[in-house]
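**Q** This is the structure I want to talk about, given as C-alpha cells.
The values are calculated or read from the model by the stated rules, or taken from the named source; none is laboratory data. Note that the structure is predicted; figures quoted are calculated from it, not measured. As a convention, Cβ positions derive from the backbone with ideal geometry for all residues, glycine included, and neighbour counts pool all protein chains shown.
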Amino acid sequence: MMKSSIRPELFAADNVVIPDDMQYSQLKNAAIMMVDDEPIMLEIIQALLEDAGYGNFIPVEKSTQAIDMIMQTSPDLLLLDLDMPEINGYEILSTLRSNADYGHLPVIMITASTEPGDKLKALELGATDFLSKPVDASELVLRVRNTLSAKAYQDQLAYYDSLTGLPNLKLFIERLGWGIELSKRERVPLMLLDIGLDKFRQINETLGMYTGDEILVTIAERLNSLIRSSDFIGRTDETVKTGELARVGGHEFSIILSGVNSIEAAYIVSKRILDAVMQPVLINEHEVFITASIGIAVCPTDGEDVESLIKYASSAKDFARKQGSNNYQFFSSEMNAQSKDRLKMESNLRKALDNNEFELHYQPKIDSATDKIIGMECLLRWNQPELGSVPPEVFIPAAEELGLIVPIGEWVLKEACQTTSEWVKSGYENLIVSVNVSPKQFNEVSLRKSIESAIQCSGLSPQNLILEITESMLMGDVDHHIAQLQHITDLGVAFSLDDFGTGYSSLSYLKKFPIEELKIDRSFLINVPEKNEDNYIVKAIIALADGLGMKIIAEGVENAEQLEFLRQNNCNIIQGFYYSKPLNKTNFTKYLASHC
Ligand code: C2E
Ligand code: MG
Ligand code: MG
C-alpha cells in the first residue's frame, strides 16, 4: 500500500491547483530513501539535500534491508548506490520493478562507474535517472527536484479525477483501506456512503454530455464544501469527524466518514447531502433539478474489508433507488429501522409545540443543612401520544439538529417563569428556578430578548431565575463568551455551569466568567464515598468553587452515604432522587408545601 508523503499534500488540499513555487516547497516534505554501503556517502548526500531544504530522509546502509525498508516506509524517491556487497543496486532495482506496488517508485542510481554498459543495463531495468560519484551538489539537487516533480504530476494524473479534481476510484480504495485499518485499531466505526445521482443518463442524453459534466462539477463542489464546512455533522457536542469525498464513477461519489460514533451522524450527513444535491443547478438560465440515492455500509458491523464495504454500500444505494430515489438506506436492516424510528420521531417533534405535548417537571434543590427547598431545576418532558414519553436525551439533540430547540427553549423559559412566578406569589418568595439552555439557544442573539420577555410576561423577578449552561459552550473565544454572559447577567439573571467536570474547561478562564454556581456532574458521585479517586475529584471541585466564590451544588444524589460525604465536605445544595425525582406541577406544589 502506498503511503508516500508528497502526493496527497501536494494536490489534494481543497482540490486547488497549487502554484509552482508552492509545489516546490511542498516537495521538500518528500520522503527520500538513500541506500549506500558507505556511511560517509549517506551523510554527504543528506547534508547536500538538507542545504537545499529537504528534511525527510531514510538512510539505509545494508543493501539486504533495502526492500523491507521500502515496504515499511513507502518513500517518494530512492537514491540507490549501484556497487554494494551482498545485494547490488541492479538486483534491488529489478526486484522493485517486478513489484505491483513499488514498480513506479522513482529511482536515481548513483555510480562511480564510467562504463556506458552499466548505465544502459540500469536503464533497461527501469532506473529513472543517474548521478555520478563524486556527487556534484547542484546536479544532485536538480535531479532530485525534477524527479519528485514528475512523480507528483504522475500521481495527480493517476489519483485524481480530471473533471472534478476529486480523488478518483484508485485513491479512494487506498484511503478506504487505511480508514478501515484505523477504524479497527482505534475501535471507532467507519461509514461508507455511496452516493449515486438519480437518472443521470437521461440528463446526459437530453442535455448533452458537456452539460452533464457541468452539473457533475457543480455537485462535486457542493459536496466538497459540505464536507469541509465546520458544522459538517452539526452537533456541537459530537467528536470531530473527517469526511473524504471521491468521484468513483461517472455519476457516483463516495464519502468515507471516519471517527463516527453514532448512526445519527451518518443520518445527518446523508440528509445534508440530499439537500445539497437537490438545490437546482443553473444551466443557461434554466434550472435543472437532480436528486441522489445514498447507500451506507458500516465497518465493522457490515464488513471489515474494502471489497465488502463497497459492495454493501452499493447494494444499499440500489435499494434506496428502488424506494423512490432522493433517499438513503443503511445496509443493515436494524440500522434502517432505527433510522425510520428517528424520522418518525422528527416529524412528530415538529408538531409537538403546537399540539401542547410538552410539559415541565421540577426537581427540588435542597439545602441539606436545613432540609428546605431553595429552588428547582425545570426538566422538559415530551409525552407523544403514539410514542409515549420520549427521553430528553433523545428528543433534545433531535430538536437541536432540526433547529426546533430555539422555539422549544422559548416555551420552556416562558412556562418555567410563569409557573415559578405563581409559586413566588403564593408565598415562596425565594424560590429560584433553573432552566437548561442549549448551545444553539445560547448562540442566538434573540436569547436575551426571550429571557426579558419571559420575565416581563410572568412578573418573575430576574433574581429568581438561573440559567444552566455547559462548559463546552464557553470554549473558544473567551472574550466573546464573557460579553455574551454579561449581556444577560445585566438583566439580573445568573448562570450555573451544569455537568461540571465532564467538559474541558480551562480552569484559568473559569474565574473570568460571570458564573454564580457550579453543578458537580452525577458521574463523579456515583461511586462516592467508596471510590477514593472520585472522592478526591469531588473535594477538588468543591474547593475550586469555594476559592472562586461560586456556589456549589451536587446533582444525582441518590443515597444517604453520598449525602453525608457531601455534607462533610461543605457541599450543602443537593439535587437528586434521594430527595425527589422531577415532579409535575401539581406534585411539586404539594412537595413545596411540605418542605418549606
Ligand atoms: P441535566 O440538565 O444535567 O439534568 C439532570 C438530569 O439528571 C435529569 O435528567 C434528571 O432527571 C436526572 N437526575 C436527577 N437526579 C438524579 C438521580 O439522583 N439519579 C439519576 N440517575 N438521575 C438523576 P432528564 O430530565 O432526563 O434530562 C436529561 C438532560 O436533558 C438534562 O440534563 C438536560 O441536559 C437536558 N434537558 C432537560 N430539559 C431541558 C430543557 O428544557 N432544555 C434543554 N436545552 N435541555 C434540557
Ligand atoms: Mg441541568
Ligand atoms: Mg446536569
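**Q** Right, Gly549: within 16 Å of ligand 3 (Cβ to nearest atom) and either within 16 Å of Pro364 (Cα to Cα) or not assigned by TED's automatic domain parsing to the domain that holds Ile374 (or both) or not? Before the answer, list the steps.
**A** Values: within 16 Å of ligand 3 (Cβ to nearest atom): no; either within 16 Å of Pro364 (Cα to Cα) or not assigned by TED's automatic domain parsing to the domain that holds Ile374 (or both): yes.
Criteria not met by Gly549.
**Q** Going by the conditions given, is Ile482 closer than 26 Å to Pro582 by Cα and either in contact (Cβ under 8 Å) with a residue 12 or more places away in the chain or in a strand (DSSP E or B) (or both)? Please lay out each step first, then the result.
**A** Details: closer than 26 Å to Pro582 by Cα: no; either in contact (Cβ under 8 Å) with a residue 12 or more places away in the chain or in a strand (DSSP E or B) (or both): yes.
Criteria not met by Ile482.
**Q** Got a sec? Which of Leu497, Leu491 is closer than 25 Å to Leu413 by Cβ, in contact with a helix residue (DSSP H, G or I) (Cβ under 8 Å, 6 or more places away or on another chain), free of Cβ contacts under 8 Å to residues at least 60 places away in the same chain and within 16 Å of ligand 1 (Cβ to nearest atom)?
**A** On the way: Leu491 fails: within 16 Å of ligand 1 (Cβ to nearest atom).
It is Leu497.
**Q** Let me spell it out: the conditions are (1) of a type outside the set (Ser, Thr, Tyr); (2) under 23 Å from Gln154 (Cα atoms); (3) modelled with pLDDT under 95, and Glu91 meets all of them except one. Which number is the exception?
**A** (2)
**Q** Taking segment 487-505, which residues are aliphatic (A, V, I, L, M) and either within 16 Å of ligand 2 (Cβ to nearest atom) or not assigned by TED's automatic domain parsing to the domain that holds Ile432 (or both)?
**A** Just the residues of segment 487-505 that are aliphatic (A, V, I, L, M), to begin with: 488, 491, 493-494, 497.
Result: Val493, Ala494, Leu497.
**Q** Within segment 45-55, how many residues are of a type outside the set (Phe, Trp, Tyr) and buried (at least 17 other Cβ atoms within 10 Å of the Cβ)? Give the derivation first.
**A** Kept after step one, since they are of a type outside the set (Phe, Trp, Tyr), are these residues of segment 45-55: 45-53, 55.
When the remaining residues are screened for being buried (at least 17 other Cβ atoms within 10 Å of the Cβ), the result is 45-46, 48-49.
Within segment 45-55, residues that are of a type outside the set (Phe, Trp, Tyr) and buried (at least 17 other Cβ atoms within 10 Å of the Cβ) number 4.
**Q** Of all the residues that make up segment 117-148, how many are exposed (fewer than 15 other Cβ atoms within 10 Å of the Cβ) and among the hydroxyl-bearing types (Ser, Thr, Tyr)?
**A** The qualifying residues number 2.
**Q** If you check Ser508, Ser523, which single one turns out to be more than 16 Å from ligand 2 (Cβ to nearest atom), out of contact with any helix residue (DSSP H, G or I) (no Cβ under 8 Å at 6 or more places or on another chain), in a helix (DSSP H, G or I) and of a type in the set (Gly, Ala, Ser)? Spell out how you get there, then give the answer.
**A** Values: Ser523 fails: more than 16 Å from ligand 2 (Cβ to nearest atom).
Exactly one of Ser508, Ser523 is more than 16 Å from ligand 2 (Cβ to nearest atom), out of contact with any helix residue (DSSP H, G or I) (no Cβ under 8 Å at 6 or more places or on another chain), in a helix (DSSP H, G or I) and of a type in the set (Gly, Ala, Ser), namely Ser508.
**Q** Ok, one more. Among the residues of segment 529-570 satisfying the criterion of being among the acidic types (Asp, Glu) and part of a loop (DSSP other than H, G, I, E, B), which is nearest to ligand 1 (Cβ to nearest atom)? Even if it seems obvious, please write down each step before you answer.
**A** Taking segment 529-570 and keeping what is among the acidic types (Asp, Glu), we get 530, 533-534, 546, 555, 558, 561, 564.
Going one step further and asking which of them are part of a loop (DSSP other than H, G, I, E, B), we end up with 530, 558.
Working: Glu530: 17, Glu558: 4 Å.
Among residues in segment 529-570 that are among the acidic types (Asp, Glu) and part of a loop (DSSP other than H, G, I, E, B), the one nearest to ligand 1 (Cβ to nearest atom) is Glu558.
**Q** Under 6 Å by Cβ, and 6 or more places apart or on different chains, what pairs join a residue from segment 429-442 that is closer than 14 Å to Lys414 by Cα and within 13 Å of ligand 2 (Cβ to nearest atom) with one that is in a helix (DSSP H, G or I) and of a type in the set (S, T, N, Q)?
**A** Between residues of segment 429-442 that are closer than 14 Å to Lys414 by Cα and within 13 Å of ligand 2 (Cβ to nearest atom) and residues that are in a helix (DSSP H, G or I) and of a type in the set (S, T, N, Q), the close pairs are Val433/Thr420.
**Q** Any residue at all in segment 534-545 that's more than 33 Å from the chain's Cα centre (by Cα), more than 13 Å from ligand 3 (Cβ to nearest atom) and either closer than 30 Å to Glu452 by Cα or among the charged types (D, E, K, R) (or both)?
**A** Yes.
**Q** Would you pick out the residues in segment 349-365 that are closer than 13 Å to Pro582 by Cα and either within 16 Å of ligand 2 (Cβ to nearest atom) or surrounded by 16 or more Cβ atoms within 10 Å (Cβ to Cβ) (or both)? Give the steps one after another, and end with the answer.
**A** In the first step, residues of segment 349-365 are kept if they are closer than 13 Å to Pro582 by Cα; the result is 359-365.
Scanning segment 349-365 gives Leu360, His361, Tyr362, Gln363, Pro364, Lys365.
**Q** Do we have any residue at all in segment 446-464 that's out of contact with any Phe, Trp or Tyr (no Cβ under 8 Å at 6 or more places or on another chain), surrounded by fewer than 18 Cβ atoms within 10 Å (Cβ to Cβ) and free of Cβ contacts under 8 Å to residues at least 12 places away in the same chain?
**A** Yes, segment 446-464 contains at least one residue that is out of contact with any Phe, Trp or Tyr (no Cβ under 8 Å at 6 or more places or on another chain), surrounded by fewer than 18 Cβ atoms within 10 Å (Cβ to Cβ) and free of Cβ contacts under 8 Å to residues at least 12 places away in the same chain.
**Q** Quick one: which residue in Ser308, Ser254 is surrounded by fewer than 20 Cβ atoms within 10 Å (Cβ to Cβ), within 13 Å of Leu176 (Cα to Cα) and of a type in the set (Gly, Ala, Ser)?
**A** Details: Ser254 fails: surrounded by fewer than 20 Cβ atoms within 10 Å (Cβ to Cβ).
It is Ser308.
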